[in-house]
Amino acid sequence: MIAKPNSPRSRAADSSTAAYTVGVPYERMFAYAAGPRTQPSNYARTVADKSAIEWTEASWNPATGCSKVSPGCAHCYAETFAERFRGVPGHPYEQGFDLKLWHDRLDVPLRWKRPRVIFVNSMSDLFHESIPDGFIQAVFDVMGQAHWHTFQILTKRHDRLAVLAPDLEWHPNVWMGVTIENRRFVHRADRLREVPAAVRFISAEPLLGPLEGLDLDGVQWLIAGGESGYKNRPVREQWITDLRDRCVEEKVAFFFKQWGGVRAKTGGRLLEDRTWDEMPTPRVLATA
Ligand code: SF4
């Protein structure tokens, strides 16, 4: 196990990148969502490169917009945020949650000189069926060039991921994950196992049921958490402790993100009186 990276909150904004609109931290997203449907005058600066997601530091969105594929998508935070701005002229989400490729954002990580842990496409799914193979390849090329960063990709499109994986270059700084929200989708881990990523991880968030039948073989990291928002579907403690116990037993790093509730922090992050912030040790990849 390696130590958790410095908390995103402890990092100062990098003024050299502040002008790039590459991601929207959770808390700021909902601060905007609650306000008027107009673009804040300082928008370009305030949605810079930091993230409030506990297990990452920054987000990079070369594509935005998506469509729902499974129950975990029901209350998609990205859709909620993006649709607030549909029709607002000049706003990055003027097109709402419709899929959009941002070619001019492809080189953003290359301009970030300080190493970061970067969540790729927090506002989309990189393996969405409407994102061309060539664009995904371009994202992977940038991740390879920006070797000083660590990139985390999370998808619910496990089949497309597995189909494209042999044609992508799996750089040692790219971590690949799938979301598994209930037992119906534990097979996503099987497709993930086909991917030669340095870190394979599972995001069990929002966790909607016990993950019976989940095979953790070949998985280095598991993140678990409950759902947040006004329509949150409560998580049961036993679903979380079962996953935690399996991770401990099988030496998979375990990260407990939150219990969830109306707000992400409503229920806190303590699981049996402690936090679980384990991070994975990347596998050493074979070189050609
Ligand atoms: S896959 Fe992710 S981004 Fe796409 S709709 Fe579902 S939750 Fe939202």
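The values are calculated or read from the model by the stated rules, or taken from the named source; none is laboratory data. No experiment lies behind these values; they were computed from the predicted model shown. In this analysis, Cβ positions are derived from the backbone assuming ideal geometry, glycine residues included, and neighbour counts consider all displayed protein chains.
Data for the structure
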| quantity | calculated |
| --- | --- |
| Which numbered condition VAL117 fails, given (1) surrounded by fewer than 18 Cβ atoms within 10 Å (Cβ to Cβ); (2) in contact with an Asp or Glu (Cβ under 7 Å, 6 or more places away or on another chain) | (1) |
| Single residue of the range 75-109 satisfying the filter (within 13 Å of the ligand (Cβ to nearest atom) and of a type in the set (Gly, Ala, Ser)) that is farthest from HIS147 (Cα to Cα) | GLY96 |
| Subset of the range 194-213 that is over 27 Å from GLU169 (Cα atoms) and aliphatic (A, V, I, L, M) - its residue that is farthest from the chain's Cα centre (by Cα) | LEU211 |
| The range 127-148, subset among the small types (Gly, Ala, Ser) and in a loop (DSSP other than H, G, I, E, B), residue surrounded by the fewest Cβ atoms within 10 Å (Cβ to Cβ) | SER130 |
| Residue satisfying all of: in the range 171-192; surrounded by fewer than 22 Cβ atoms within 10 Å (Cβ to Cβ) and closer than 18 Å to THR150 by Cα; farthest from the ligand (Cβ to nearest atom) among these | PRO172 |
| Verdict on LEU110 being surrounded by 15 or more Cβ atoms within 10 Å (Cβ to Cβ), aliphatic (A, V, I, L, M) and modelled with pLDDT of 95 or more | no |
| Any hit, the range 242-252, residues being in contact (Cβ under 8 Å) with a residue 24 or more places away in the chain, assigned to a loop (DSSP other than H, G, I, E, B), under 23 Å from PHE119 (Cα atoms) and under 18 Å from the mean Cα position of the chain (by Cα) | no |
| Residues of the range 145-156 that turn out to be closer than 16 Å to PRO62 by Cβ and within 16 Å of the ligand (Cβ to nearest atom), as a count | 4 |
| Pair list, Cβ under 6 Å, 6 or more apart: the range 151-162 residue farther than 16 Å from MET279 by Cα and touching a residue at least 12 places away in the same chain (Cβ under 8 Å), other residue buried (at least 22 other Cβ atoms within 10 Å of the Cβ) and basic (Lys, Arg) | HIS158/ARG188 |
| GLU181 vs. criteria closer than 27 Å to LEU208 by Cα, under 16 Å from the mean Cα position of the chain (by Cα) and part of a loop (DSSP other than H, G, I, E, B) | yes |
| Those residues of the range 48-93 which are touching a strand residue (DSSP E or B) at 6+ places or on another chain (Cβ under 9 Å), charged (D, E, K, R) and modelled with pLDDT of 95 or more, in sequence order | GLU79 |
| Hits in the range 146-158 (condition: of a type outside the set (A, V, I, L, M, F, W, C) and either out of contact with any helix residue (DSSP H, G or I) (no Cβ under 6 Å at 6 or more places or on another chain) or at positive phi (or both)) | HIS147, THR150, GLN152, LYS156, ARG157 |
| Qualifying residue in the range 194-210 (condition: of a type in the set (D, E, K, R), surrounded by 15 or more Cβ atoms within 10 Å (Cβ to Cβ) and in a strand (DSSP E or B)) | yes |
| Answer residue from the range 75-102, given it is under 25 Å from ARG263 (Cα atoms) and aromatic (Phe, Trp, Tyr) and is surrounded by the fewest Cβ atoms within 10 Å (Cβ to Cβ) among those | TYR77 |
| Whichever residue in the range 51-74 is crowded, with 21+ Cβ neighbours inside 10 Å and not in a loop (DSSP other than H, G, I, E, B) and, among such residues, is nearest to the ligand (Cβ to nearest atom) | GLY72 |
